[in-house]
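The values are calculated or read from the model by the stated rules, or taken from the named source; none is laboratory data. Since this is a predicted model, take the numbers as computed values, not measurements. Here the Cβ is made from the backbone with ideal geometry for all residues, glycine too, and neighbour counts use every protein chain on show. These accessible areas exclude ligands, DNA and RNA; they are computed on the full protein's heavy atoms, side chains included. Shrake-Rupley method; radii C 1.70, N 1.55, O 1.52, S 1.80 Å.
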Amino acid sequence: MTNSTETPGYSQKVYKPAQEYRDDARIKDYALSYANFEKDPEDFWRRVASDLLWFKPWDKVKEWDYPHAKWFVNAKCNITYNCLERHLKNNRRNKVALFWHGEDETEKIYTYDRLYKAVMQFANALKNLHVGKGDVVCIYMPTVPEQIIAMLACARIGAIHTVVFAGYGASALNERIVGSGAKIVITADVAFRRGRTIPLKPIVEEALIHAPSVERVVVLRIQDPPTALLDDFEVDFYEIMKKADKECPPEEMDAEDTLFILYTSGTTGAPKGIVHTCGGYMVGAYYTTKYVLNVKDDDVYWCTADPGWITGHTYAIYGPLLLGSTIFMTEHTPDYPDLGIWWHLIEAYGINVFYTAPTAIRMFMRYGETWPNKYDLSSLRILASVGEPLNPEAFEWFYHVIGKEKCPIIDTWWQTETGSHMITTLAGEDMKPGYVGKPIPGITADVFDKEGNPVPPNQAGYLAITNPWPSMMRRDHNDEERYKTYWNSKDCQYYSTNDLAIKDEDGYIMIIGRSDDLIIVSGHNIGSTEVESALISHHAVAEAAAIGKPDPVTGNQVKVFVILIEGTTVTEKLIHDLKYHVRQTLGPIAVPAEIEFVDSLPKTRSGKIMRRVLKAKEMGIDPGDISTLDE
Ligand code: PRX
């Protein structure tokens with residue numbers, strides 16, 4: 001039973017979860033829990049971290065030297081010890097850690113014990129390739145169990161993984177390999193997607209043409225007959241694993257050692273290499289999976305994100321494994337072989353907690369209720385969303401059609417940089433469609449004007465996190481100065497999220513968009529400049545500007561404005577070539593849906609493209625302050 005009421009202002013509706021959901025929540029009283037955190041923030045995080053196993057405890061919970069923070073100072077740990085051994089010790093040896101379902105209907109099941117053994121043996125295989133603590137390993141793989149094994153094996157021996165989404169093209173992959181200085185690349189011969197076989201190895205080969213740091217490539221060979229390997233340089237995933245020793249004790253990592261680098265699109269220049277650490281990230285992932293997603297011991301949990309993104313890192317892999325949960329993972333896209341596949345999988349595996357993205361929800365909405373209604377979704381207990389605003393229409397559909405008006409909808413706001421959830425409505429709390437909710441206990445956030453003053457309720461402003469938190473990024477691997485731009489004001493020492501938001505009188509926050517030039521397509525960040533650089537590298541293009549154009553399903557589409565080199569004629573073939581060129585450079589997600597050829601672009605007097613003006617014109621709205629526009 002739920003109760004929906006209308007309230008004035010921006011919020012139109014409030015959904016009150018049924019009592020059984022309030023009882024089921026791990027944080028039963030948000031106000032009390034938040035007040036406890038505020039009373040003594042360090043003690044709050046000390047208590048959370050104490051649930052986990054540490055080889056050596058910390059001397060201090062936090063050390064804040066603006067804009068750099070250290071958490072769990074001098075503590076020693078290993079995230080895999082907490083993801084694996086901790087559960088073996090707690091009678092979960094034979095519990096399923098991972099159900100994996102392939103597009104061809106094959107299934108793989110790993111218990112905690114099997115996963116532990118596989119991780120240790122692959123970790124030794126990496127050691128045999130002379131990978132050690134601090135070395136960077138690039139993982140460019142499809143969504144298969146071996147990807148998780150590879151990530152955990154790196155963490156086991158203190159190697160730093162940098163996972164690159166397997167949909168990226170050769171040049172984006174090259175940029176990430178070179179940027180991180182990866183020593184080893186782990187890939188697969190192919191990936192399966194929507195019934196097609198997509199060769200990955202040729203993309204890696206192209207990406208490695210100018211990547212001198214790479215010593216070896218490990219190839220998971222899926223196809224039969226097996227793809228040929230280049231002697232010495234390329235090695236087979238299972239062959240090196242079979243030859244390796246079985247026992248691999250966890251490397252003792254300092255809490256502040258790097259666990260991984262994950263690249264995310266920046267607004268300018270090269271992608272940002274977001275660095276997360278062994279201790280703080282582990283605590284953030286554990287805490288939020290437990291208290292926000294409320295995953296329980298006998299749940300089957302499915303986060304649909306690819307491990308190539310931060311959501312895949314924190315909530316498809318590390319968070320649930322830290323909790324000792326049963327993860328479900330699949331290669332299946334939501335619409336292949338038909339629009340019922342995800343609902344079928346929820347029924348077949350008895351999924352209890354389902355975490356997905358608004359773009360998928362909006363795609364399903366287009367096709368109505370018939371597909372989900374064919375399946376028994378009664379196992380679902382909690383529904384969660386991430387990546388972009390869950391607009392009220394999508395909320396309602398998710399809530400009524402999928403959750404049958406009983407499952408709480410947890411709309412989680414966070415970023416690659418934050419490592420774990422920051423602002424959300426906790427299970428059991430009142431829900432307001434369109435609002436993500438309040439900062440979770442442990443996190444302080446508010447909405448400010450340009451000068452750093454809090455804005456009154458219901459007025460738009462800049463969303464900032466006002467204190468450091470354990471899973472915050474520690475640096476940009478390639479650009480120390482860029483890290484500092486997040487903590488932009490010495491006076492207030494706030495972390496600026498670059499999101500615009502509104503807070504209502506109850507403290508609920510609504511995210512209204514980015515304040516920078518990031519385009520979010522289906523929850524994936526695409527930097528305007530990345531698309532522009534890709535286009536400009538085509539011989540026919542003189543200048544280009546990319547904007548996000550609102551789209552009912554994907555949130556945004558990439559639209560580009562292109563100035564061609566003098567004398568170039570616009571043809572269908574040229575349009576096709578430009579799209580193909582972007583696809584080859586950045587991958588399919590960045591391909592422009594629309595290309596408009598123009599003679600000039602709006603620029604500031606200092607020569608910066610004013611994408612805001614292009615966007616306003618495109619949407620038929622007021623461009624705002626154009627005083628800097630060069631006439
Ligand atoms: O603009 C916000 C949007 O996604 C950005 C972060 O993107 P990324 O680093 O790729 O991480 C995505 C997964 C955490 C944010 O600055 N965003 C993320 N979650 C939400 C959101 N916008 C609205 N509602 C959300 N729940």
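Restricting attention to segment 171-186, and to residues there that are in contact with a Pro (Cβ under 9 Å, 6 or more places away or on another chain) and open to solvent by less than 10 Å² (accessible area, probe 1.4 Å), which single residue is farthest from Val214 (Cα to Cα)?
First pass over segment 171-186, keeping only residues in contact with a Pro (Cβ under 9 Å, 6 or more places away or on another chain): 172, 175-176, 178-179.
When the remaining residues are screened for being open to solvent by less than 10 Å² (accessible area, probe 1.4 Å), the result is 172, 176.
Details: Ala172: 16, Arg176: 12 Å.
Per the criteria, the residue is Ala172.
Being in contact with a Ser or Thr (Cβ under 6 Å, 6 or more places away or on another chain) and of a type in the set (A, V, I, L, M) is true for just one of Val61, Val131, Val96. Which residue is that? Talk me through it step by step, then tell me what you get.
Details: Val61 fails: in contact with a Ser or Thr (Cβ under 6 Å, 6 or more places away or on another chain); Val131 fails: in contact with a Ser or Thr (Cβ under 6 Å, 6 or more places away or on another chain).
Of Val61, Val131, Val96, the one residue that is in contact with a Ser or Thr (Cβ under 6 Å, 6 or more places away or on another chain) and of a type in the set (A, V, I, L, M) is Val96.
Let's see how each residue does on (1) within 20 Å of the chain's Cα centre (by Cα); (2) modelled with pLDDT of 95 or more:
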position: Gly428; (1), (2): no, no
position: Ile443; (1), (2): yes, yes
position: Phe448; (1), (2): no, no
position: Glu451; (1), (2): no, no
position: Asn467; (1), (2): no, yes
position: Pro470; (1), (2): yes, yes
position: Arg474; (1), (2): yes, yes
position: Glu480; (1), (2): no, no
position: Ser489; (1), (2): no, no
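Does Gly513 satisfy the condition of being open to solvent by 10 Å² or more (accessible area, probe 1.4 Å), away from the ligand (no atom under 14 Å from the Cβ) and on the phi > 0 side of the Ramachandran plot?
So Gly513 fails the test.
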- Item | Answer from Ile317, Ile327, Ile310, Ile274 - the residue that is closer than 30 Å to Pro57 by Cβ, more than 16 Å from the ligand (Cβ to nearest atom) and modelled with pLDDT of 95 or more | Ile327
- Item | Exclusive hit being surrounded by fewer than 17 Cβ atoms within 10 Å (Cβ to Cβ), of a type outside the set (S, T, N, Q) and more than 34 Å from the chain's Cα centre (by Cα), set Ile565, Ile575 | Ile565
- Note on the structure: Within segment 522-534, residues being open to solvent by less than 20 Å² (accessible area, probe 1.4 Å) and within 12 Å of the ligand (Cβ to nearest atom) number 2
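Name every residue in segment 196-228 that is part of a loop (DSSP other than H, G, I, E, B), over 25 Å from the mean Cα position of the chain (by Cα) and over 25 Å from Thr258 (Cα atoms), in order of residue number.
So the first thing to find is which residues in segment 196-228 are part of a loop (DSSP other than H, G, I, E, B), and the list is 200, 208-215, 221-228.
From the residues that got through so far, the ones that are over 25 Å from the mean Cα position of the chain (by Cα) too are 208-215, 221-228.
Ile209, His210, Arg221, Ile222, Gln223, Asp224, Pro225, Pro226, Thr227, Ala228 - these are the residues of segment 196-228 that are part of a loop (DSSP other than H, G, I, E, B), over 25 Å from the mean Cα position of the chain (by Cα) and over 25 Å from Thr258 (Cα atoms).
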- Residues Gly442, Gly434: which one is among the small types (Gly, Ala, Ser), away from the ligand (no atom under 15 Å from the Cβ) and touching a Phe, Trp or Tyr at 6+ places or on another chain (Cβ under 8 Å)? Gly442
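Quick one: is Ala460 within 15 Å of the ligand (Cβ to nearest atom) and open to solvent by 10 Å² or more (accessible area, probe 1.4 Å)?
Values: within 15 Å of the ligand (Cβ to nearest atom): yes; open to solvent by 10 Å² or more (accessible area, probe 1.4 Å): yes.
Criteria met by Ala460.
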- Task: Check off (1) open to solvent by 50 Å² or more (accessible area, probe 1.4 Å); (2) farther than 30 Å from Leu390 by Cβ; (3) assigned to a loop (DSSP other than H, G, I, E, B) for Tyr580 and give me the number that stays unchecked.
- Result: (3)
- Item | Subset of segment 388-417 that is charged (D, E, K, R) and more than 6 Å from the ligand (Cβ to nearest atom) - its residue that is nearest to the chain's Cα centre (by Cα) | Glu417
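Residue by residue, here is whether (1) open to solvent by less than 10 Å² (accessible area, probe 1.4 Å); (2) touching a residue at least 60 places away in the same chain (Cβ under 8 Å); (3) within 16 Å of the ligand (Cβ to nearest atom); (4) touching a Phe, Trp or Tyr at 6+ places or on another chain (Cβ under 6 Å) holds:
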{"position": "Val283", "(1), (2), (3), (4)": "yes, yes, no, no"}
{"position": "Asn294", "(1), (2), (3), (4)": "yes, yes, no, no"}
{"position": "Leu321", "(1), (2), (3), (4)": "yes, yes, no, no"}
{"position": "Trp343", "(1), (2), (3), (4)": "yes, no, no, yes"}
{"position": "Thr359", "(1), (2), (3), (4)": "no, yes, yes, no"}
- Task: Considering each of Ser385, Ser379, Ser420 in turn, give the residue that is out of contact with any Lys or Arg (no Cβ under 9 Å at 6 or more places or on another chain), touching a residue at least 24 places away in the same chain (Cβ under 8 Å), of a type in the set (S, T, N, Q) and away from the ligand (no atom under 16 Å from the Cβ).
- Result: Ser379
- Residue satisfying condition, being surrounded by 16 or more Cβ atoms within 10 Å (Cβ to Cβ) and within 16 Å of the ligand (Cβ to nearest atom), within set Asp499, Asp479: Asp499
